[in-house]
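Here's the structure we're looking at; comments come further down.
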Amino acid sequence: MSDKLIIFDTTLRDGEQSPGASMTRDEKVRIAKALERMHVDVIEAGFPIASPGDFESVQAVANVIKDSTICGLARALDKDIDRAGEALKGANSGRIHTFIATSPIHMEHKLRMSSDQVVEQAVRAVKRARQYTDDVEFSAEDAGRSELDFLCRIFEAVIDAGATTINIPDTVGYNVPQQFGEMVGKVIEGTPNSDKAIFSVHCHNDLGLAVANSLSAVMHGARQVECTINGLGERAGNASLEEIVMAVRTRGDVFDCSLTHIETTEIVPTSRLVSGITGFAVQPNKAIVGANAFAHESGIHQDGVLKSRETYEIMRAEDVGWSANRMVLGKHSGRNAFRTRMHELGIEFASEELVNEAFARFKDLADKKHEIFDEDLQSLVTEANLQTLQEKVKLISLKVCSETGETPKADITITVDGQEQQGTASGGGPVDATFRAIESIVSSGTELQLYSVNNITSGTDAQGEVTVRLQQAGRIVNGQGADTDIVIASAKAYLNALNKIMLPAERAHPQAADV
Ligand code: KIV
Ligand code: ZN
């Protein structure tokens with residue numbers, strides 16, 4: 001068996017289910033464009049029934065992306081499937097992904113349905129989805145804890161009903177590699193019409209085994225892997241796309257399938273784009289995309305690598321896009337060069353006025369920072385998008401005094417519902433003083449859960465990208481801000497998080513709602 005391994009990316013759907021990782025429609029389109037440049041086969045763009053915003057995002061991605069299949073998630077319910085079908089109307093190639101739980105624990109406690117009822121509902125859902133598209137995926141939620149015979153039975157029925165991809169999710173990340181791979185092999189073998197569908201896996205990382213389980217399944221016949229950039233996803237996340245792709249590419253000797261179509265040099269830029277947009281930083285020692293992934297610290301390693309790369313390197317940094325961090329524009333670049341590069345990055349402007357605004361921000365940045373990289377351009381757009389969010393609170397000015405032996409003090413002016421207000425506070429450091437000064441005005445009652453700073457590019461003149469995670473009554477949001485001054489970036493990130501937490505949360509979670 002040697003055939004193509006299909007890469008199904010669910011960063012925009014399961015990735016977005018990470019608390020605080022929600023993305024706007026435009027951000028989703030930018031990530032989808034990056035995935036298309038990477039030649040990802042299927043992009044799961046969202047769960048259209050979840051909210052009007054989710055519907056519009058799937059619709060926007062479906063209208064813009066031409067080379068990848070665009071997928072919308074739907075529970076096995078008529079209204080979900082109709083909504084997904086509607087959102088995918090503009091797609092060149094659209095897929096409906098419908099699912100229902102199949103494990104005894106989910107059927108009994110969540111669905112309160114018998115196994116016969118579950119099969120019947122799954123078949124009905126697939127038939128309805130086929131009215132919209134020939135490309136229908138069926139997932140048996142919690143397949144990892146389902147009975148093998150039941151999986152074979154429901155899969156046979158949904159393939160007969162028209163499902164073309166059968167997905168086996170380890171929804172709760174419970175499985176271990178050898179057992180999971182064998183189970184996938186047995187399911188394929190035990191499903192009489194399995195030759196009429198592609199078998200897929202979707203693994204969560206609760207035991208840190210999502211990638212290992214997915215690869216084991218590939219060794220047992222799975223030909224689609226569902227994964228996310230940076231392993232983003234519910235709880236401990238999903239299998240990471242970059243690890244799956246590079247494992248299969250690097251160890252082609254042990255995998256009986258090909259993955260030559262993926263443009264691996266897009267991996268690092270896409271990883272950065274996703275972490276910049278979601279505020280989920282990548283740990284330095286993360287495989288493939290972590291800052292240290294190709295850094296050879298010890299003298300012995302360096303010596304070996306200098307003499308012959310293969311002594312310690314199994315992949316080349318440039319093959320996954322590490323060299324992509326190059327200067328693209330500078331202080332003297334004109335409006336056309338700016339617009340052309342933005343277009344190449346998939347960033348379009350709705351009007352000339354918006355081009356002018358973005359170009360003015362670019363010129364401002366180029367004055368402070370002479371070399372402008374793609375990452376800086378992406379962050380300019382993220383900043384602009386943040387400003388189009390309904391802004392209840394907005395930064396006007398900030399003055400911070402920080403001196404050896406003195407307590408840092410911040411004076412801030414912000415607008416709250418358009419009214420200018422000032423606050424002053426001291427704190428353990430300049431950032432602490434700034435956040436306290438903001439709180440002296442807004443008294444938000446939120447709890448700060450995370451504060452992190454990353455440099456967008458290298459060098460001391462790089463922009464700092466700050467993420468602030470706030471929690472209020474169980475709801476979590478991430479705020480972002482970027483600036484060459486990290487205290488200002490921090491203030492922007494804190495205010496961005498406050499603006500998000502003040503918006504009503506109106507979206508449904510696919511797995512929480514009972515069918
Ligand atoms: O983890 C899961 O089971 C899912 C399904 C909706 C495929 O995300
Ligand atoms: Zn999932």
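The values are calculated or read from the model by the stated rules, or taken from the named source; none is laboratory data. Since we're looking at a predicted model, the values are computed, not measured. Glycine gets a Cβ as well: all are built from the backbone with ideal geometry, and neighbour counts include every protein chain shown. Side chains are part of the model used for accessible areas, which takes the heavy atoms of the whole protein and leaves out ligands, DNA and RNA. Shrake-Rupley method; radii C 1.70, N 1.55, O 1.52, S 1.80 Å.
Brief remarks follow.
- The set of residues in segment 161-215 that are charged (D, E, K, R), within 28 Å of the chain's Cα centre (by Cα) and within 26 Å of residue 129 (Cα to Cα) contains only 170.
- Residue within segment 1-17 that is part of a loop (DSSP other than H, G, I, E, B), modelled with pLDDT under 95, open to solvent by 10 Å² or more (accessible area, probe 1.4 Å) and under 30 Å from residue 260 (Cα atoms) present: yes
- Taking (1) away from ligand 2 (no atom under 16 Å from the Cβ); (2) open to solvent by 40 Å² or more (accessible area, probe 1.4 Å) in turn, residue 70 satisfies each apart from (2).
A quick yes/no check of all residues on (1) out of contact with any strand residue (DSSP E or B) (no Cβ under 9 Å at 6 or more places or on another chain); (2) closer than 23 Å to residue 275 by Cβ:
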{"residue": "24", "(1), (2)": "yes, yes"}
{"residue": "27", "(1), (2)": "yes, yes"}
{"residue": "31", "(1), (2)": "no, yes"}
{"residue": "38", "(1), (2)": "no, yes"}
{"residue": "44", "(1), (2)": "no, yes"}
{"residue": "51", "(1), (2)": "yes, no"}
{"residue": "55", "(1), (2)": "no, no"}
{"residue": "66", "(1), (2)": "yes, no"}
{"residue": "75", "(1), (2)": "no, no"}
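- Taken together, the residues in segment 217-249 that are open to solvent by 20 Å² or more (accessible area, probe 1.4 Å) and either without any contact (Cβ under 8 Å) to a residue 24 or more places away in the chain or under 24 Å from residue 269 (Cβ atoms) (or both) amount to 4.
- Any hit, segment 274-290, residues being charged (D, E, K, R) and assigned by TED's automatic domain parsing to the domain that holds residue 190: no
- The test for being at pLDDT below 85 and either in a loop (DSSP other than H, G, I, E, B) or within 22 Å of the chain's Cα centre (by Cα) (or both) does not hold for residue 493.
- Note on segment 179-193: residues that are in contact with a Gly (Cβ under 6 Å, 6 or more places away or on another chain) and within 18 Å of residue 212 (Cα to Cα) amount to 1.
- Count - residues of segment 49-65 that are open to solvent by 20 Å² or more (accessible area, probe 1.4 Å) and closer than 18 Å to residue 270 by Cβ: 1
- Among the residues of segment 35-48, those identified as assigned to a helix (DSSP H, G or I) and surrounded by fewer than 24 Cβ atoms within 10 Å (Cβ to Cβ) are 36, 37.
- Check on residue 476, within 30 Å of residue 109 (Cβ to Cβ), away from ligand 2 (no atom under 16 Å from the Cβ) and in contact (Cβ under 8 Å) with a residue 40 or more places away in the chain: yes
- Top-ranked residue of segment 216-231 - restricted to ones that are β-branched (Val, Ile, Thr) and closer than 19 Å to residue 142 by Cα, ranked as nearest to the chain's Cα centre (by Cα): 228
- Check on residue 33, of a type in the set (Lys, Arg), more than 19 Å from residue 137 (Cα to Cα) and more than 16 Å from ligand 2 (Cβ to nearest atom): yes
- Of the residues contained in segment 174-184, none is found to be at pLDDT below 95 and either within 16 Å of ligand 1 (Cβ to nearest atom) or open to solvent by 10 Å² or more (accessible area, probe 1.4 Å) (or both).
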